[in-house]
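Report on the structure given below.
The values are calculated or read from the model by the stated rules, or taken from the named source; none is laboratory data. Predicted model, so just to flag it, every value in this text is computed and none were measured. Reconstructed Cβ throughout: ideal geometry from the backbone, glycine too, with neighbour counts over all protein chains shown.
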Amino acid sequence: MHAIDFGILIGFMLWMLVIGWIFSGRMKDASEMFAAGGQSPWWISGLSGFMTIFSAGTFVVWGGIAFRLGMVAVSILVTIGFCMIIVGWSIAGIWRKMGITTPAEFLRIRFDEPVVQVYTWLGTFYRGIGLGVALYALAVMLSVLVPLPEGAPFRDAKTGNLSVNAGILLWGAVVIAYTMAGGLWAVLMTDVIQCLLLCLAVLVAVPLSVAAIGGLDELWNRAPSHFFSPAAGEYGYTFLFLWIWVNVFRFGADWAFVQRFICVPTPRDARKVAYLMGVLYIVSPFLWMLPAMAYRILEPGADPKEAYMLMCRLVLPAGVLGIMVAAMFSATASMVSSLLNVFAGVFTCDVYQALIHPTASARRLVLVGRLATLGYGIVIILIALSVPYLGGAEDLVIVLMTSMLGPLMMPTIWALYSRHVGPWCVWATLIVCTPATMLVKAAPTLCEKTAHWGLPSVIGAAVGWIEANPRLTDAILGLLLPLAVLIVIEILCRRGPIDDGWNRMQAAIDECRERPPVAVESRLPARVVAVSLGILTLLMFGITACATRQQSTLMVFSVLLLVVTGVLSWMGFRPCKHRD
């Protein structure tokens, strides 16, 4: 990295803090801090949700898979787009119809207080591990690009670069700071700016990566034989099919995405949020993964988790590399800040206010929310520091996404449609699925230690299948097992009365329908984005003027940025219209 790259990275992080400060004055109550007052434009929430799915882990984990297996990584990511289309058609609008401030508020309406607390603490634990992995992945990627002179603080003696642990502390501190200051508004705004920055960096990297290997023909001719198969290795077609439905439940019920659906003015806007996320995930994964796939041609023996950034370091000119590093930071910052805000909101509204201080003032709730953000952020940093001792990033991400999501998310989606199930659908799913998952995961080790007992051959065959199909096993545990439990509960409850929680949910929908609609969408988000893009456009033109290579490519992207800036400026500064 050159001095200009470091300058861009530092300037970007400072601008994120400025955005947090800009929106800190709007944090008058819990609704503003955790639901943006229901005034977020749908395209802001959609781009924010799109970025929330991202993290540096996208480029470490999926980029590593793209380096090893090629198009398989694209297949896995494209399925997410189809999942979001399904969520938009069936689920997103229902969340907005209830007029809730936090996802946990739904659990209190539909189930009861013990379910709220179990989901709060299990969700905090589960998402904390995921966020820790993302923060660790970010530090791994950026440490490759940040060399430090000998004797400098935070230098890794083995690599001569910024140490991974120092990177975790630095990046984590910046995200915590702006999320504490600006609440959900700051999260939404920084997500959109980060999304545009990431798209710019990736789109610049793609043609330069293809040129570095001599064109797409070289990629096709020199790639391994399996490289363009949509399914390969442990990621077969059955896994992809189950992966689609695992993610439908994930994106339909995961609190970070539910928050995107409830912060817009209307149910129609909530559906638009999901559709935008889906379309973007269908059309863009091939572009994201292409640099890592191309690097396989140049350095087949490279470390897969570093392939993406090594290619970027090779082909990107000074200045643009800094934008790419800022984009990598952005991807993880988006994911981490979103979850920090949502769980701080749940703790503030559904633990502190509900159980500890029901009469707390609006100002006190905002203060508690900021302290909860800080506390949860520290926990995430500690988890990130521990990732190397927990099995590595790829295994943690895949296991969490498949074996844990179903038991946590499926009862919530089921309860949106079923009139008869109550709190017991949650307890039964957790009681059956959690021990079963733990037993299956431990089965190979247990069989190895008890081999001298003479176990039946069928057990040995089952364990052999589990070892040969680890990803498919995770998907079965995460989808089919909890689905079977819920079907059984539904059949048993069908002859009983309608659950009280269903009646409470319908009452909440009726009450929300009677509220006056939000009169005006906030224009401040578009204005902040327009100003941010204006700064980035000037920067790109400056980089283009100083570049010694690839000037024509850089000029194309500079002009495209100028056009996007003009469109967003028109959206942000045109006269406001009242909504019907």
Of all residues in the stretch 117-147, which are closer than 18 Å to Gly345 by Cα, more than 17 Å from the chain's Cα centre (by Cα) and buried (at least 22 other Cβ atoms within 10 Å of the Cβ)? Tyr119
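Conditions (1) at pLDDT 70 or above; (2) of a type outside the set (S, T, N, Q); (3) under 20 Å from Gly11 (Cβ atoms), marked per residue:
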{"site": "Val518", "(1), (2), (3)": "no, yes, no"}
{"site": "Arg523", "(1), (2), (3)": "no, yes, no"}
{"site": "Val528", "(1), (2), (3)": "yes, yes, yes"}
{"site": "Leu538", "(1), (2), (3)": "yes, yes, yes"}
{"site": "Ile543", "(1), (2), (3)": "yes, yes, yes"}
{"site": "Ser552", "(1), (2), (3)": "yes, no, no"}
{"site": "Ser569", "(1), (2), (3)": "yes, no, no"}
{"site": "His578", "(1), (2), (3)": "no, yes, no"}
The listed residue being among the small types (Gly, Ala, Ser), under 22 Å from Gly46 (Cβ atoms) and touching a Phe, Trp or Tyr at 6+ places or on another chain (Cβ under 7 Å), out of Ala292, Ala270: Ala270
Criterion: in a helix (DSSP H, G or I), farther than 30 Å from Arg513 by Cα, modelled with pLDDT of 85 or more and in contact with a helix residue (DSSP H, G or I) (Cβ under 7 Å, 6 or more places away or on another chain) - qualifying residue of Tyr308, Tyr295: Tyr295
Single match in Gly130, Gly123, Gly160 (criterion: farther than 30 Å from Cys512 by Cα, in contact (Cβ under 8 Å) with a residue 60 or more places away in the chain, out of contact with any Asp or Glu (no Cβ under 7 Å at 6 or more places or on another chain) and of a type outside the set (Asp, Glu)): Gly130
Residue hits (the stretch 40-63; more than 21 Å from Arg250 (Cβ to Cβ) and either modelled with pLDDT under 60 or surrounded by fewer than 22 Cβ atoms within 10 Å (Cβ to Cβ) (or both)) are Trp43
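Look through the stretch 195-229, keep the residues that are of a type in the set (S, T, N, Q) and within 31 Å of the chain's Cα centre (by Cα), and return whichever of them is farthest from Leu560 (Cα to Cα). Walk me through how you get there before you give the answer.
Filtering the stretch 195-229 down to residues of a type in the set (S, T, N, Q) leaves 209, 221, 225, 229.
Subsequent filtering for residues that are within 31 Å of the chain's Cα centre (by Cα) retains 209, 229.
Working: Ser209: 20, Ser229: 33 Å.
Taking the candidates together, the pick is Ser229.
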Pairs needed: first member in the stretch 223-246, in the same structural domain as Ala294 (by TED's automatic domain parsing) and free of Cβ contacts under 8 Å to residues at least 12 places away in the same chain; second member anywhere, outside any loop (DSSP other than H, G, I, E, B) and not small (Gly, Ala, Ser); C-beta distance under 9 Å; at least 6 residues apart or different chains. Phe241/Thr79
Residues of the stretch 255-292 being closer than 18 Å to Val61 by Cβ and not in a helix (DSSP H, G or I), which ones? Ser284
Looking only at the stretch 266-283, which residues are closer than 27 Å to Thr120 by Cβ and surrounded by fewer than 21 Cβ atoms within 10 Å (Cβ to Cβ)? Pro267
I'd like the residue in the stretch 466-502 that is loosely packed, with under 13 Cβ neighbours inside 10 Å and of a type in the set (Lys, Arg) and, out of all such residues, is farthest from Ala232 (Cα to Cα). Arg495
Val246: under 20 Å from the mean Cα position of the chain (by Cα), part of a loop (DSSP other than H, G, I, E, B) and either under 24 Å from Ile94 (Cβ atoms) or modelled with pLDDT of 85 or more (or both), yes or no? no
Taking the stretch 192-232 as the region of interest, how many residues are farther than 29 Å from Leu472 by Cβ and not hydrophobic (A, V, I, L, M, F, W, C)? 9
